[in-house]
Amino acid sequence: MGRKRKHPEKAAGGVTRRGFIGSVGAGAVAAATGVARRGESTPEITDPEGMVQVALRVNGRTHRMLVEPRWTLLFVLRERLGLTGTKVGCERGECGACTVLIDGLARYACMTLAVEAAGAEVTTVEGLLDGEELGPVQKAFVEEDAMQCGYCTPGQVMAAEGLLLANPSPTFEEIRRGMSGNLCRCAAYPHIVKAVDRAATAKKKGGPQ
Amino acid sequence: MTRDAKYWAPEPTPETPEPSGYPAPWKKTEVVGKPLPRVDAYQRVSGAAVYPSDLILPDMLYGAVLRCPHAHARVTKLDVTAAAKLPGVVVILTPTSPETEGITWPYYDGTEPVPILSTTCTFEGEPVAAVAAETPQQAADAVRAVTVEYEILPQISDLAHATVNGEPQVYARGDTAAGFAEADVVLERTYRTACEIQSPMELHGCVVRWDGNHLTAWESLQGVFWMQMQYAQVLGLPLASVTVNAAYMGGGFGSKLTISRESIIAALLARKAARPVKLFLSREEAMLVTGNRPGVDMTLKAGVKSDGTLTAFEFTDLSSPGAFSEGGEGLNDWLIRDLYTCPNVRCETSFATINAGPVRPFRAPGHPQGAWALEQMMDELAEAVDLDPVDLRLRNVPSVSQARGNRPYTTTGLEPCMVEGAKAFGWQAARTAPAQTGHIKRGVGMGACLWIAGGGGPPSTVIVKLYSDGSVNLNMGASDIGTGTKTWAAMIVAEELDVEVGRIQIENADTRATQFATSSGGSKTTPSDSPAVREAAYNVKKKLIEMAAEEHDLDPTDLRLADGAVLSRSDPSKSFPVTELQGVRRQRVVVGVGYRGPNPEGKVVCPFAAQFCEVEVNTRTGEVRVLRFVAAHESGRVLNRLTFDNQVFGGITMGIGYALTEQRVLDRDQTGKMVNVNLHDYKIPTALDAPADMSSLAIDLHDTECNTTGAKGLGEPVTIPTAAAVANAIYDAIGVRITDGPITADRILMALEAQGKEA
């Protein structure tokens, strides 16, 4: 200890911004190929700074916009489309606060680039409402008090939607396991599990959703 | 500067207005106590609630902070030339920027304030420079493009190598030597707890905007008024030039009782850019710099007579506030001083500064640590004198606060919590169940507690307005940090004014629109603010009755308010709808103001609890499963049973994390850096870790003295005895006591091996 060591920070060294963007762009092209397989057009790089044109389908609306290839779906939903029901908790796929449905599957929006989501059907918590009327999972969360601070709640609701789409009649154990990808530091878990169970019943009564 | 903000020991506030004819305790309630869903649940599940991190302002920039990556280092070179040229970069601040000159960050503990941006960094993550750019990605690019060189200095991140700060704080009563001399059994053990991180789901940060010389901050905080004071003090502004709003916020657990250094940095960036700035920390940054529950090394020596009478406690501890304190260190000894009757007690508390992030209050500061030692010791003493653990505790229940001049408690729930909890749990049967064979062992354990505060106190000012159509506006300063504050407040108004909860509009936690309330922390929001809410509504009711009496020449004492009308008790035919009262029609609004009166003189108000659990330990893998929990809480009157139970289960689950998985790991021998700085490696409980079988008992002793609603705090006690109860259950299961937390699988296997038990 006490020795002197110089630590130049990395980014200031050899990597230029253009080079950095180029390398991310290459990644995005790979991601875009995946999208193309879903039958949509391949996003093209049209902007000198590396902006990409995408058409995002969110809650039934199409948003045509320019995005940087590195922008996550989470960032675009919240900061560009103003759909702030989708929350940010870790930006590394550990907490689940940003859970949305992508083509009916619960996915972390922080681990999905916006360009990857192009062409898919994205549903956020705002998309579960019918006008101002809450959806059955949302109603169940209200009735069972399945929240405390409420910040993780939209993600929990979307995870529950995804779970019930995949398994309309989960057991309590399946619910606990199915919801375990969404952290709640207030730990409203017992009420969350009850709410998902209640929502399953409500959805069945209400016919196919 | 914020010493007076220490929320667990409210100073007397003689300026608090005397209550204006306080209402008598409720005899029976129609709304209060019912299990009602939250009044803002719709907003929270629909995405309509705008949390501070959700806010988007026109022309807004995004801030990012360059942080020292070393535990202790000096900045020897800082060059922002390249960063400034990057696209989208608008403002860069460095320690030598004129905008930061003279702006210092005062920590809680009275140490010399440090510059807002540091060139000598004493913990990993200390801010060095800051950027505002058009997008957060561009801001992050710019931070990476700053050239910094550091001279790495020797770091100490291990308590064992740290220098103790000054003399220990000593608490003493009686004569411990004499106490140990008269004991039949004397035990001495060391205990250790790990450093736990609050980790609320909404990250720390703010959106700030200048409007001339007026600063508005939307910030994820537990209380807006202390924060308004902090902004004003650091930036040299009058309180009237600072507005802080946190109507919604995504959890804090104590870590949002202070603004962050980053909040000031955001304000400076916004002022220089003359544009609004959003600056929210990343999870990694938050884990490094927004506080923690410090790990503690403790030694507890205890003496007991064979009849179970405690004779003496001697306690010493060492913990660290980190590089500085932002509040929340200490109180590790409080339960030893106060929970059980013991005439001879000596506690020596020491602190040592280390090169790690500053502590902040964390849900019941010091108490889970103290409970970890005390409640494990109580079980060992019970075994040594051949008493049941509950029985030993019951023989030492005090009715006075021994550490506060033997002042009596308004109610003492310790005994009923233990008795009722044990009954509900089936403690006797579970304790005497035959030993299991095989490698899966079951065990049961319990722990009890009180919380030093939880009685709340003044000041609090609340306004209730009745509109001309009979609907109501409730205006209160308190933050709802997830505990259901707004919901019980609406229920109290509904109770007093007989108006539907759905016809009550609430505005809260906005320094410009609401009146002063203390921060929501320390289990004191409900007992502090509920009496003020009740008095405000009560005063509206009084005015309505006085109006009706005057307009119709009636005796006000014969009148009551129900179902939107003032009614005569003696003559049921006399009914005057509120909306038709002349006074209401003339004024269009009836305003009632409520203040929080003083706490009862000469008495101590505390919540009490006892928790019981059953665990299963796999002696081959070391895995622990918590099978069930029963929690008995005496927190006075329950205002909402649904949110009450929710908080009980949440506190237990957090305590299970403390017992089994949560620990900040520093690379103490090499770099001092935190090695598990993410939510994958720092493990907070998931839905699978919360026991499927949990039940909550509310012990209401009808405390009519504590305040006019009879409610006491709940948020801290729910997590105080939990980890100790789990540790006791693990001992019961495997017959080996583990005193270092968290009790991870490897610790269980090593302990079993050391004892030569089956592994």
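Data for the structure
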| read-out | value |
| --- | --- |
| Residues within the stretch B:145-180 that are of a type in the set (A, V, I, L, M), more than 9 Å from every other protein chain (Cβ to nearest Cβ) and crowded, with 16+ Cβ neighbours inside 10 Å, tallied | 3 |
| Index of the failed condition, B:Thr671 passing every other in (1) within 14 Å of chain A (Cβ to nearest Cβ); (2) at pLDDT below 95 | (2) |
| Selection status of B:Ala690, in a helix (DSSP H, G or I) and of a type outside the set (Lys, Arg) | no |
| Residue check for B:Arg209: among the basic types (Lys, Arg), over 28 Å from B:Ala724 (Cβ atoms) and modelled with pLDDT of 95 or more | yes |
| Filter result (more than 30 Å from the chain's Cα centre (by Cα) and open to solvent by less than 40 Å² (accessible area, probe 1.4 Å)) within the stretch B:444-471 | B:Leu466, B:Ser468, B:Gly470, B:Ser471 |
| Residues within the stretch A:156-175 that are facing chain B (nearest Cβ under 7 Å) and within 23 Å of B:Phe253 (Cβ to Cβ), tallied | 1 |
| Qualifying residue in the stretch B:109-118 (condition: within 13 Å of chain A (Cβ to nearest Cβ) and modelled with pLDDT of 95 or more) | no |
| Breaking point among (1) surrounded by 21 or more Cβ atoms within 10 Å (Cβ to Cβ); (2) closer than 30 Å to B:Thr722 by Cβ, for B:Phe225 | (2) |
| Of all residues making up the stretch B:34-47, the number that are open to solvent by 20 Å² or more (accessible area, probe 1.4 Å) and facing chain A (nearest Cβ under 10 Å) | 5 |
| Residue list for the stretch B:545-573, restricted to those being open to solvent by 20 Å² or more (accessible area, probe 1.4 Å) and within 14 Å of B:Gly470 (Cβ to Cβ) | B:Met547, B:Leu561, B:Asp563, B:Gly564 |
| Index of the failed condition, B:Leu697 passing every other in (1) in contact (Cβ under 8 Å) with a residue 40 or more places away in the chain; (2) in a loop (DSSP other than H, G, I, E, B); (3) open to solvent by 20 Å² or more (accessible area, probe 1.4 Å) | (2) |
| Strands (runs of 3 or more DSSP E) enclosed by the stretch B:48-108 - at least 2 residues per element that are facing chain A (nearest Cβ under 10 Å) and over 25 Å from B:Met201 (Cα atoms) | B:73-79 |
| Among (1) in contact with a helix residue (DSSP H, G or I) (Cβ under 7 Å, 6 or more places away or on another chain); (2) surrounded by fewer than 20 Cβ atoms within 10 Å (Cβ to Cβ); (3) small (Gly, Ala, Ser); (4) at pLDDT below 95 - the single one A:Gly39 does not satisfy | (1) |
| Some residue of the stretch A:187-194 being in contact with a strand residue (DSSP E or B) (Cβ under 7 Å, 6 or more places away or on another chain), part of a helix (DSSP H, G or I), outside the structural domain of A:Val88 (by TED's automatic domain parsing) and farther than 15 Å from A:Cys95 by Cβ | yes |
| Test set (1) more than 28 Å from B:Thr514 (Cβ to Cβ); (2) at pLDDT below 95 - B:Asn599 fails condition number | (1) |
| So B:Pro136, is it within 14 Å of another protein chain (Cβ to nearest Cβ), open to solvent by 30 Å² or more (accessible area, probe 1.4 Å) and in contact with a His (Cβ under 7 Å, 6 or more places away or on another chain) | no |
| Residue that is modelled with pLDDT of 95 or more and closer than 22 Å to B:Cys347 by Cβ, where the choices are B:Tyr467, B:Tyr409 | B:Tyr409 |
| Options A:Pro69, A:Pro48: the member that is within 12 Å of chain B (Cβ to nearest Cβ), open to solvent by 70 Å² or more (accessible area, probe 1.4 Å), modelled with pLDDT of 50 or more and out of contact with any Lys or Arg (no Cβ under 9 Å at 6 or more places or on another chain) | A:Pro48 |
| In the stretch A:72-86, the residues that are more than 7 Å from every other protein chain (Cβ to nearest Cβ), outside any helix (DSSP H, G or I) and open to solvent by less than 10 Å² (accessible area, probe 1.4 Å) | A:Thr86 |
| The one condition in (1) in contact (Cβ under 8 Å) with a residue 24 or more places away in the chain; (2) of a type in the set (Asp, Glu); (3) at the interface with chain B (Cβ under 9 Å from one of its Cβ atoms); (4) open to solvent by 30 Å² or more (accessible area, probe 1.4 Å) that A:Asp145 fails to fulfil | (4) |
| Positions within the stretch B:484-505 being open to solvent by 40 Å² or more (accessible area, probe 1.4 Å) and under 27 Å from B:Glu219 (Cα atoms), in sequence order | B:Gln505 |
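The values are calculated or read from the model by the stated rules, or taken from the named source; none is laboratory data. Nothing here was measured: the structure is a model prediction, and the numbers come from that model. Cβ: placed from backbone, ideal geometry, glycine included. Neighbour counts: every protein chain shown. All accessible areas refer to the heavy atoms of the entire protein, side chains included, with ligands and DNA or RNA removed. Shrake-Rupley method; radii C 1.70, N 1.55, O 1.52, S 1.80 Å.
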